Amino acid sequence: VLVGGMGAGKSTVGALVARARGATFADADAEIERRTGAPIAELFARDGEPAFRARERDVARDLVLAPDAGVVALGGGAVLDPATRELLAAHATVVWLDLDPAAAWTRVAAEPGLRPLARDESAFRALLDGRAAVYAAVADVLVDAASAPVAVAAAVAGTPLVRTGIVARLPELVGDRRAALVADAAVAGRVPGDYAVRLDVAGGETAKSVDGVRTLWEALAAAELERRDVVVAAGGGTVTDAAGFAAATFRRGLAWIAVPSTLVGQVDAAIGGKTAINVAAKNDVGAFHLPEAVLCDPALLATLPAREWAAGFAEAYKTALLAGGRLHDLVSGWVPGPGDEGSRTELVRRCAALKVRVVAADPDDRGVRAVLNLGHTIGHGVEAAAGYGGLLHGEAVAVGLAAALWLSVEICGLDGSVLAAAEADLARHGLPVRAAGLDADAVSSAMRGDKKRSGGRPRLVLLEAVGRPVFGVDPGDALLRRAVERALTA
Ligand SMILES: NC(=O)c1ccc[n+]([C@@H]2O[C@H](COP(=O)([O-])OP(=O)(O)OC[C@H]3O[C@@H](n4cnc5c(N)ncnc54)[C@H](O)[C@@H]3O)[C@@H](O)[C@H]2O)c1
Ligand SMILES: [Zn+2]
């Protein structure tokens, strides 16, 4: 069920999603007009809003509970009705098509007269602002609706379900298939369902080894899992990377469901279908294998150690620099630590939405997906020079972000206040923004080994402004060296 404000594109996107899935599509407004023989604007004017909402509630129920129900688009105000909200909670996966109010007004103003509640801009914006909290409360998924409808439709398919308690949906998603659970010991007890085999693994890079996946393959073989069965992977990025890779390769590919349990996992590692283990280098053996569902339960994050939370926050901060807007406001004001469940849910949803949007635009990782490497070129150099185990990945990314923003000020015209604010914000979360004591030559040579290169030269992602990344930038040896030296100065 698609919900969201006027102008978000629910009808157009809904029809595309339905076609891609071979499902039926129903539009509640169109159904109301069909049943009454009158346009929505006329019904509103004639009968008043309460009568319209009552009619809308009946139509929503009929459409959602129809035996052949597939994709349903609801009118912007339908979720104001408590009975409709209960209906959705019990019977639907709810996708919130979120559009910036200014962009929504531009779209709506282009078709005057069709929308009874869209007559002047300030009232329209106030209406959308008021409804945002309601959409947030009913949604399982937030999808950024700013792109073209085809891109938004692709993003809907790849978006994780983010909601407190969403792990309870696992048994329903597994259905009558046989399933193997591969779970980090930290969360294994919180994952419901009946499994043909349960494997508790210790989180950390050892899970992503040849021996680690051999154990998984052998267990899948012993449990006699078949192509139609499913692997459930619950844990941090190391567990979803390793179990996803085992699923990708066992019997040439089993379906899998990811239940990320770290902030890194929920905002990054479990999204986008990259799976990998480490053989001669990190992530050097892997496969693209999209999970059929990603369930992000913000409640699982409550037990995350503070240092792991902060490392994930560095990735969220990176995402916010790329996205700008509401996500950037959210991370800028974030009080260190996991926060309340509502804010945490919004943080995960908005970060996941950005990653999904970028991945949908470049599924094979040949172009724009590179922007996700903001802070990662110098960050990887620092991480490698510190020795794996010295700094957490997210901590090295914090150092790399500060360096990338400094370069952005030098060559892309980024406002210096963005750099200053980012360094202060990251430090507030206990993250390093410098890695004093490391050797600049070691960092530079590790960067030369980085795989995100072109023609033998490092290519960086930089920012012109918050929300405006540029990728493929070669800053030249001298400037790059200065950025590295600055990153290593106390
Ligand atoms: N596939 C991708 O696109 C992608 C993207 C980013 C990162 N990654 C990979 O992700 C890995 C890092 O992921 P990570 O940071 O989640 O590391 P991790 O899996 O090692 O988890 C970090 C620690 O948290 C523990 N833990 C997990 N969930 C917990 C919970 N709910 N409560 C308490 N403790 C918990 C784990 O046991 C571990 O000790 C790296 O290997 C990286 O390469 C992959
Ligand atoms: Zn990263």
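Starting from residues that are among the hydroxyl-bearing types (S, T, Y) and in contact (Cβ under 8 Å) with a residue 40 or more places away in the chain, keep the ones in the stretch 245-295 and report whichever is farthest from ligand 2 (Cβ to nearest atom).
Checked the stretch 245-295; the qualifying residue farthest from ligand 2 (Cβ to nearest atom) is S261.
Scan L321, L327, L300 and give me the residue that is away from ligand 2 (no atom under 16 Å from the Cβ) and either more than 26 Å from A255 (Cβ to Cβ) or in contact with a Leu (Cβ under 8 Å, 6 or more places away or on another chain) (or both).
L327
So that you can scan it fast, the table gives a plain yes or no per residue for (1) touching a Cys at 6+ places or on another chain (Cβ under 6 Å); (2) surrounded by 18 or more Cβ atoms within 10 Å (Cβ to Cβ); (3) part of a loop (DSSP other than H, G, I, E, B); (4) at pLDDT 95 or above:
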{"position": "L414", "(1), (2), (3), (4)": "no, yes, yes, yes"}
{"position": "V418", "(1), (2), (3), (4)": "no, no, no, yes"}
{"position": "A421", "(1), (2), (3), (4)": "no, no, no, yes"}
{"position": "A424", "(1), (2), (3), (4)": "no, no, no, yes"}
{"position": "A427", "(1), (2), (3), (4)": "no, no, no, yes"}
{"position": "L431", "(1), (2), (3), (4)": "no, yes, yes, yes"}
{"position": "A435", "(1), (2), (3), (4)": "no, yes, yes, yes"}
{"position": "S444", "(1), (2), (3), (4)": "no, yes, no, no"}
{"position": "K451", "(1), (2), (3), (4)": "no, no, yes, no"}
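Among all residue pairs at least 6 apart or on different chains, which show Cβ distances below 8 Å where the first residue, located in the stretch 311-339, is farther than 16 Å from R357 by Cα and the second is among the polar types (S, T, N, Q) and outside any loop (DSSP other than H, G, I, E, B)?
Between residues of the stretch 311-339 that are farther than 16 Å from R357 by Cα and residues that are among the polar types (S, T, N, Q) and outside any loop (DSSP other than H, G, I, E, B), the close pairs are G312/Q266; L330/S343; W334/S343.
If the requirement is being outside any loop (DSSP other than H, G, I, E, B), free of Cβ contacts under 8 Å to residues at least 60 places away in the same chain and closer than 28 Å to P305 by Cα, which of these qualifies: A219, A207?
Residue meeting the stated conditions: A207.
Results for (1) surrounded by fewer than 17 Cβ atoms within 10 Å (Cβ to Cβ); (2) touching a residue at least 60 places away in the same chain (Cβ under 8 Å); (3) in contact with a strand residue (DSSP E or B) (Cβ under 6 Å, 6 or more places away or on another chain), shown as yes or no for each residue.
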{"residue": "E49", "(1), (2), (3)": "yes, no, no"}
{"residue": "V59", "(1), (2), (3)": "no, no, no"}
{"residue": "P82", "(1), (2), (3)": "yes, no, no"}
{"residue": "V108", "(1), (2), (3)": "no, yes, no"}
{"residue": "A126", "(1), (2), (3)": "yes, no, no"}
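Would you say A168 is of a type in the set (G, A, S), in contact (Cβ under 8 Å) with a residue 12 or more places away in the chain and surrounded by fewer than 17 Cβ atoms within 10 Å (Cβ to Cβ)?
yes
Among the residues of the stretch 278-300, which ones are out of contact with any Ser or Thr (no Cβ under 6 Å at 6 or more places or on another chain) and crowded, with 24+ Cβ neighbours inside 10 Å?
Selection gives P291, V294, L295, C296, D297.
Out of the strands (runs of 3 or more DSSP E) lying entirely within the stretch 269-376, which hold 3 or more residues that are within 11 Å of ligand 1 (Cβ to nearest atom)?
Fully inside the stretch 269-376 and qualifying: 274-277, 285-288.
Of the residues F25, F44, only one is more than 19 Å from F124 (Cβ to Cβ) and surrounded by 15 or more Cβ atoms within 10 Å (Cβ to Cβ); which?
Values: F44 fails: more than 19 Å from F124 (Cβ to Cβ).
Only one candidate passes the filter, namely F25.
Collect the residues in the stretch 129-145 that are part of a helix (DSSP H, G or I) and either among the aromatic types (F, W, Y) or closer than 16 Å to W105 by Cα (or both), keeping them in residue-number order.
First, the residues of the stretch 129-145 that are part of a helix (DSSP H, G or I): 129-138.
Answer for the stretch 129-145, where residues must be part of a helix (DSSP H, G or I) and either among the aromatic types (F, W, Y) or closer than 16 Å to W105 by Cα (or both): D129, G130, R131, A132, Y135.
Search the stretch 104-114 for residues being of a type outside the set (G, A, S) and assigned to a helix (DSSP H, G or I), and hand back the single one that is modelled with the lowest pLDDT.
Here the residue is V108.
Restricting attention to the stretch 171-185, which residues are more than 20 Å from I271 (Cβ to Cβ), crowded, with 21+ Cβ neighbours inside 10 Å and within 15 Å of ligand 1 (Cβ to nearest atom)?
The answer is L181, and nothing else.
All but one of (1) surrounded by fewer than 17 Cβ atoms within 10 Å (Cβ to Cβ); (2) in contact with a His (Cβ under 7 Å, 6 or more places away or on another chain) hold for A310, so report the exception by its number.
Condition not satisfied by A310: (1).
Residues that are farther than 27 Å from V141 by Cα: list the helices (runs of 4 or more DSSP H) wholly contained in the stretch 1-76 that include at least 3 such residues.
Output list reads 28-36, 40-47, 49-65.
Restricting attention to the stretch 96-103, does a residue exist that is over 28 Å from A302 (Cα atoms), under 22 Å from the mean Cα position of the chain (by Cα), modelled with pLDDT under 90 and among the hydrophobic types (A, V, I, L, M, F, W, C)? Walk me through it before giving the result.
Let us first name the residues in the stretch 96-103 that are over 28 Å from A302 (Cα atoms), namely 99-103.
Cutting the leftovers down to under 22 Å from the mean Cα position of the chain (by Cα) gives us 99-101, 103.
Applying the additional criterion that residues be modelled with pLDDT under 90 yields 100-101, 103.
From what's left, among the hydrophobic types (A, V, I, L, M, F, W, C): 103.
Yes, the stretch 96-103 contains a residue that is over 28 Å from A302 (Cα atoms), under 22 Å from the mean Cα position of the chain (by Cα), modelled with pLDDT under 90 and among the hydrophobic types (A, V, I, L, M, F, W, C).
So which residues in the stretch 206-236 are touching a Ser or Thr at 6+ places or on another chain (Cβ under 9 Å), within 16 Å of ligand 1 (Cβ to nearest atom) and more than 22 Å from P171 (Cα to Cα), if there are any at all? Spell out how you get there, then give the answer.
Of all residues in the stretch 206-236, those touching a Ser or Thr at 6+ places or on another chain (Cβ under 9 Å) come to 206-208, 212-213, 217, 233-236.
Imposing the further condition that a residue be within 16 Å of ligand 1 (Cβ to nearest atom) reduces the set to 206-208, 212-213, 233-236.
T206, A207, K208, G212, V213, listed by residue number.
Looking at the structure I just gave you, is E395 of a type in the set (D, E), in contact with a strand residue (DSSP E or B) (Cβ under 7 Å, 6 or more places away or on another chain) and within 15 Å of ligand 2 (Cβ to nearest atom)?
So E395 does not fit the description; no.
Of the residues G189, G193, G212, which is assigned to a helix (DSSP H, G or I), surrounded by fewer than 21 Cβ atoms within 10 Å (Cβ to Cβ) and not charged (D, E, K, R)?
Numbers: G193 fails: assigned to a helix (DSSP H, G or I); G212 fails: surrounded by fewer than 21 Cβ atoms within 10 Å (Cβ to Cβ).
Residue meeting the stated conditions: G189.
The values are calculated or read from the model by the stated rules, or taken from the named source; none is laboratory data. In this text the structure is predicted, and so the values were computed from the model without any measurement. Please note: Cβ atoms are built from the backbone with ideal geometry, for glycine as well, and neighbour counts cover all protein chains shown.
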